[in-house]
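Step one of this worksheet: look at the structure below.
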Amino acid sequence: MTMTEELISWSWEQKCRKAVAALETNGFTAVYCAAPQAAADYILQQAADAHSVGFGGSMTIAGLGVEPKLAAAGKEILNHGNPSLSPDEKQIILRRELTCDLFLCSTNALTLRGELVNIDGVGNRVGAMQFGPRKVIVVVGRNKLVDGTVQDAIQRVKTWAAPPNSKRLKVKTPCASTGFCSNCNSAERICRVTTIIERKPRLTDLHVVVVNAELGF
């Protein structure tokens, strides 16, 4: 690693640790990880007493490669993104994810004040983040940190998360073609439910893992 790379990594680490400190102040269980593998190890450790594990459709979680390891450990995997599911089966899994033992997801943006900001199309992910599963682990790459307000975080989601996610999901929205948000009224619009988690939800064991690496959108 060059000196420039070291300084950039150090700078990001300070931002990550600032977010972790703010999250702790806001009542969350917050963890700093220097690399994705540490985040994967944390998930596997926390999943030890979980029977069912739900997945919130996160590219960040998919990139950690924990699903096959959890399945090999005998966990019941609830992943509505499984391409083998029929539409009816997908609906069943979506609802079961809301009451699983451990729910894994990411957040679209995390402010340095410790606020989690998300925009969903269906609302299953943000619903599960707030209440239902016995434990929730949110993994956040440094690219999702926002040094600003909740409105800045929302803008980050619409600018950097919604367009690539729309393209990934193959929905017919303007941003899936242009790469830019136009606040559309498309029938397949994915920006429908906006949530701000300012403090740890009272009845949810919510962990936030902040990783000093680029993860997801």
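The values are calculated or read from the model by the stated rules, or taken from the named source; none is laboratory data. Remember, it's a predicted structure, so these values are computed and weren't measured experimentally. Positions of Cβ are backbone-derived with ideal geometry, glycine not excepted, and every protein chain shown enters the neighbour counts. We work out accessible area using only protein heavy atoms, side chains counted, and drop any ligands, DNA or RNA first. Shrake-Rupley method; radii C 1.70, N 1.55, O 1.52, S 1.80 Å.
Quick one: in the stretch 117-173, which of the residues that are free of Cβ contacts under 8 Å to residues at least 24 places away in the same chain and surrounded by 17 or more Cβ atoms within 10 Å (Cβ to Cβ) is nearest to Leu102 (Cα to Cα)?
Pro163
Every residue, every condition in (1) touching a residue at least 40 places away in the same chain (Cβ under 8 Å); (2) over 23 Å from Phe217 (Cα atoms); (3) open to solvent by 30 Å² or more (accessible area, probe 1.4 Å); (4) over 17 Å from the mean Cα position of the chain (by Cα), yes or no:
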site: Ala48; (1), (2), (3), (4): no, yes, yes, yes
site: Leu78; (1), (2), (3), (4): no, no, no, no
site: Arg95; (1), (2), (3), (4): no, yes, yes, yes
site: Cys100; (1), (2), (3), (4): yes, yes, no, no
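Provide a single number: the residues in the stretch 174-204 that are within 15 Å of Pro163 (Cα to Cα) and outside any loop (DSSP other than H, G, I, E, B).
Applying the first criterion (within 15 Å of Pro163 (Cα to Cα)) to the stretch 174-204 yields 174-186, 188-192.
Among the residues that remain, those that are also outside any loop (DSSP other than H, G, I, E, B) are: 174-178.
Number satisfying all stated conditions: 5.
Checking Gly179 against (1) without any contact (Cβ under 8 Å) to a residue 24 or more places away in the chain; (2) open to solvent by less than 20 Å² (accessible area, probe 1.4 Å), which test does it fail?
It is condition (2) that Gly179 fails.
Going by what's in this entry, would Asp41 be described as out of contact with any Phe, Trp or Tyr (no Cβ under 8 Å at 6 or more places or on another chain), surrounded by fewer than 20 Cβ atoms within 10 Å (Cβ to Cβ) and under 30 Å from Gln14 (Cα atoms)? I'd like the intermediate steps shown before the answer.
Working: out of contact with any Phe, Trp or Tyr (no Cβ under 8 Å at 6 or more places or on another chain): yes; surrounded by fewer than 20 Cβ atoms within 10 Å (Cβ to Cβ): yes; under 30 Å from Gln14 (Cα atoms): yes.
Yes, satisfied.
Taking the condition crowded, with 17+ Cβ neighbours inside 10 Å, assigned to a loop (DSSP other than H, G, I, E, B), on the phi > 0 side of the Ramachandran plot and modelled with pLDDT of 95 or more, does Gly27 pass?
No: the conditions fail for Gly27.
Within the stretch 50-68, track down each residue that is part of a loop (DSSP other than H, G, I, E, B) and without any contact (Cβ under 8 Å) to a residue 60 or more places away in the chain.
Within the stretch 50-68, the subset part of a loop (DSSP other than H, G, I, E, B) is 50-51, 56-58, 65-66.
Correct list: His51, Gly65, Val66.
Checking Ala71 against (1) surrounded by 15 or more Cβ atoms within 10 Å (Cβ to Cβ); (2) in contact with a strand residue (DSSP E or B) (Cβ under 6 Å, 6 or more places away or on another chain); (3) part of a helix (DSSP H, G or I): exactly one of these is not met. Which one?
Condition (1) is where Ala71 drops out.
Return yes when Ala62 is within 15 Å of the chain's Cα centre (by Cα) and open to solvent by 40 Å² or more (accessible area, probe 1.4 Å) and no when it is not. So that I can check it myself, show each step before the final result.
On the way: within 15 Å of the chain's Cα centre (by Cα): yes; open to solvent by 40 Å² or more (accessible area, probe 1.4 Å): yes.
When the stated conditions are applied, Ala62 passes them.
Can you spot a residue in the stretch 83-91 that is within 14 Å of Ser58 (Cβ to Cβ), not in a strand (DSSP E or B) and not hydrophobic (A, V, I, L, M, F, W, C)? Spell out the reasoning first.
At the first step, the residues of the stretch 83-91 found to be within 14 Å of Ser58 (Cβ to Cβ) are none.
Checked the stretch 83-91: no residue is within 14 Å of Ser58 (Cβ to Cβ), not in a strand (DSSP E or B) and not hydrophobic (A, V, I, L, M, F, W, C).
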